[in-house]
Amino acid sequence: MRKRGRLTALACVLAAIGSAGFAAEPSPAPDPERGKAVFAACKGCHQVGADARNGIGPHLDGLFGRKAGSLDGFAYSSAMRRHGTDGLKWDRKSLDTYLSDPQVMIPGTRMSFRGMEDAGARADLIAYLEKITVSTPASDPAPVEEHRAEIGSAAMGIAGDPAYGEYLASECLTCHQQSGRTDGIPSIVGWPREAFIRVIFEYKTNVRRHQVMQLMTANLGNEEIAALAAYFGGLDPQ
Amino acid sequence: MAGHSTNGLSRRQFGFLAGAAAVAGAGSLATPSIVRAANAPRVVIVGGGPGGATAARYIAKDAGEALDVTLIEANPRYTTCFFSNLYLGGLRSFDSITHGYDALEANYGISFVNARASAVERDAQQVVLADGSRVAYDRLIIAPGVDVIHESVPGYSKEAEEIMPHAWKAGPQTKLLKERFDALENGQQIIIVAPPNPYRCPPGPYERASMFAHVLKARGHTASRIIILDYKPKFSKQALFAEGWEEFYPGMIEWYGPDVHGGIQGVDPETGTVETDFDTFTGALVNVIPAQKAGMIARDAGLADDTGYCPIDGASMRSAFDDNIFILGDASIAGAMPKSAFAANSQAKVAAMNVRGDLVGSKVFPARYTNTCWSLIETDNAVKVGGQYAPGAEGIASTSTFISQIHEPADLRKANTEEAAGWYQGITADIFGA
C-alpha cells in the first residue's frame, strides 16, 4: 500500500508538471459539459437551477461560498452542521475533498454516496456545478421533476398513518439506521414525502434495481408506503 | 443481585427513582408518570441477543414508563455470532463484534440483570435466577438461542469442545478456534463437521470455510486443505459457494455430503480424526458443529416439542403452550424463516407489538417478517439470500424470496460486502440501541 501511495504521489507530481509539457498525457481542463453528465448520478437527490428546492438532499443553488449545513429547511446531520459551524465553506477545494469520499471528510454525513475516485470526473462535476449554480442559475429549466411523471401518485394522495408507519418502519430499521447514519447503507430519515414514495415505487417497478429493496417493497401497498413516508419524513437526523 | 430478588418492589423503586431523575425539573408533569411506573405491568426478557435485546428495546422505547422492562442476560457483554466468521478471517476485531448493554439501560430505562436465568415457574409467573432469587413477570419473552447437542456426534462432548471447538456460540469458543487456526502450518488439514438441519445460521459453516481459505491463501499456505464433512445432502447458497470456492480458492475446499462419505460415525478428539463410512479423515484442526436445539431454559420450562425447538403462533411469536410467554429467534419454530439474527430481530418487533397490545392495549398490526443473510466468500465478494414472511395456516410462510445469482459482476458482489457491513452497523444499533 505504501508503495502504491508513493506512486500516486509521483503521478500527481507528473500530472502537475504535465501542464509544463513533461507528461505524456496532460490532464484535460475541467469541462462543465462532461460534468453535466456526471451530475446525472446526483440528480436523484440534489436539484440545481432556478427552481431548485430541497429534496432528499439540499438544493445546490448558490452552493459556492455557502457555509456547510446552513440551508434553512433542510435537516442536515449534526456532523454536517458542526463542520459548517467550524468554518467549512463550499468551494472547489472543499467540494473536491468531500466528493472524493464524503464519509472520510465528514464522518456521519447522511449523504449516501460512496465517493468518486476519478479526480478528472470530480473536476468536471465541480466545473458544472460552478457554472450552473453561480453563472447561469436560471438557464436550466431543471426538468428533473417533469420526466419523473406520476409514479406513486396514488400513495402521495394518502395522508399515511404514522403509528402504522412506525411499526412498518421497524422492518427498515434493521439496516437503515434511525439516527440517519450511513455506514454502507443509505440514510432514509428526513426525506420529503414525495421523494420517499417515488423511490419506493422505482424499486417496485424495476426502475431502481436492488435485490433486497425490491424484496422489501414488493409487498408494500399504497397505505403502507404512505405510512412509511410519513414516519421517516418526520424523523430528524442526529 | 439482592436488588432483583423476590419482591419486585426494589426494581420498581429503581424505575421510580430513574423516572424521577429523568423528569426532574419538569414540575408537576412528573407525578403521573411516576404513578404509572409504580403500577406498571412487568415484562421480563431472558436472553440479550438479537431477539431478546431488540424486544426489550422496542417495548421500552414504545411503551415508555407504562411498562417495567427487565432484561436478563448471563454475559455482561454480548459477542455476536453473526460476523464472527469475519473475525476468524482476520477482517474484524473481536471488540468490533462485542456489544454492551449500557445504552439500553441509560437511554431506554431497561433494568439489565446480569445473571443466568435458571428456570421459569410458569404457574407463579416468575423467572428463577442462578442465585435462587426470582423475578416476577406479566409477560415473559424467552430468546435463549441454541444449545449444541454434543452427543449428536459420537465421541464429541463438552470436554471435547476444548480440542475440537464448535465456535457456534460466539465468545471463548470463537477465540479458541481462531487461536487453533492461527497456529496451523502450511500443509496441515482443517476439517469442518457441518450440522444437520435445522441449525443456527444455515450458510455459516460455508462462510467459515471461505474465511479460513481466505487466510490460508494470504499466508501462502497453499498446501493446506479444508474438508467439510456434512450431515446434509445440500446446503444454503450451495451453487454460490461452489462458484466462489472455484474462483478464489481452487482445490483448497472439499465438500462431502452423505452420498459420498456414507455417514459420519463419530469423532476422536485424541487423534483428531473423523470417522465416516467412506474413510477416516484426520485434521490438525477439527471444527465440529453439532446438531442443535432450543436453549435449555425454554426446554426445561416445557416450551419445546419433541423437535427440541419451541412451537409458536406465527401471528405473534407467542408460545403454543403458554399465552404469557413469547419465544424468539433460534429457539423458536418459525416455519420458513431461517435461524438468523436478522430473523430474530424481525420476530422481536412482532412480539414487542403484541406484548404492548396485551398489557397497555396499544394497536396490534398484522405480523410481517423479514430476513436477509449476507455471506462473505472473499474480502470483496459477498452473496445474499432474503425473504419476506407472513403467518399462514401451517406457521410462518415465505411470501417472496431472492438469492444472489451465479456469474454476477464483481462490482455487485463488492457492493454486497459494503452493504453487509452497513447492515451490521444498522442491526447492532437496532438491537443494542447504541
What is the spread of the Cα atoms of the protein assembly as shown along each of their three principal axes, largest first, in whole Å? 76, 74, 44
How much net charge surrounds residue A:88 when only the other residues with a Cβ under 14 Å from the Cβ of residue A:88 are counted, with Lys and Arg +1 and Asp and Glu -1? +4
Can you give the direction-averaged projected area of the convex hull of the alpha-carbon atoms in segment B:300-352, in nm²? 3.5 nm²
Sorting check: for B:47-54, B:303-310, which peptide has the highest mean count of neighbouring beta carbons within 10 Å, and how do the rest follow? B:47-54, B:303-310
Collect residues whose amide H, placed 1.01 Å from N in the peptide plane, falls under 5 Å from the amide H of residue B:312; neighbours closer than 5 in sequence don't count. B:320, B:333
Residue exposure sequence - A:89, B:61, B:237 - by fewest surrounding Cβ within 10 Å: A:89, B:61, B:237
At 10 °C in a medium of viscosity 1.306 mPa s, segment A:32-132 has a Stokes-Einstein diffusion coefficient, with Rh taken as the Kirkwood radius over alpha carbon pairs, in µm² per second, of 117 µm²/s
Given only helices, namely DSSP H runs of n ≥ 4 each adding -39500 (n - 2.57), what is the per-residue ellipticity at 222 nm of chain B, to the nearest 500 deg cm²/dmol? -10000 deg cm²/dmol
Name the long-range amide H neighbours of residue B:192: under 5 Å, sequence gap of 5 or more, or other chain; modelled H, no Pro or chain starts. B:227, B:228, B:229, B:287
Scan segment B:126-184 for trypsin sites (Lys or Arg not before Pro) in coil per DSSP, keeping those whose Cβ has at most 10 other Cβ atoms within 10 Å, and list them by number. B:158
Amide N proximity, segment B:213-257 versus residue B:186 label position 7 Å along Cα-to-Cβ, cut-off under 18 Å: B:213-226, B:249-253
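Hey, any idea what the orientation-averaged projected area of the convex hull of segment A:146-233's Cα atoms comes to, in nm²?
Details: hull surface 21.9 nm².
The Cα convex hull of segment A:146-233, projected and averaged over all directions, gives 5.5 nm².
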May I ask you to list the lysines whose Cα is less than 25 Å away from that of residue B:234, ignoring any residue fewer than eight positions away on the same chain? B:169, B:293, B:339, B:384
Which value, in Å³ per residue, describes the convex hull spanned by the Cα atoms of segment B:132-174? 130 Å³
Quick check: the distance between the Cα centres of segment A:191-227 and segment B:255-302, to the nearest angstrom? 45 Å
With contacts defined as alpha carbon pairs under 8 Å and 6 or more residues apart, what's the relative contact order of segment B:150-291 in percent? 36 percent
Surrounding charge for residue B:94, neighbours by C-beta under 9 angstrom, Lys/Arg +1, Asp/Glu -1, total +2
Placing +1 at every Lys and Arg Cβ and -1 at every Asp and Glu Cβ, with all other atoms neutral, what dipole size does the protein assembly as shown have around its Cα centre, in debye to the nearest 20? 1560 debye
According to a simple spin-label model (label point 7 Å from Cα along Cα-to-Cβ), what is the distance in nm between residue A:206 and residue B:399? 2.2 nm
Taking 2.2 N^0.38 Å as the expected size of a compact globular protein, what ratio does the Cα radius of gyration of segment B:150-291 give against it, to two decimals? 0.96
Would you please state the base-10 log of I(q)/I(0) at q = 0.07, 0.08, 0.13, 0.14 1/Å for chain B, with intensities from the Debye formula using one equal scatterer on every alpha carbon? -0.36, -0.47, -1.13, -1.27
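The numbers here are math on the coordinates, done by the rules we state, and not lab data. Remember, it's a predicted structure, so these values are computed and weren't measured experimentally. Ideal geometry is used to build each Cβ from the backbone, glycine not excepted, and the neighbour counts take in all protein chains shown.
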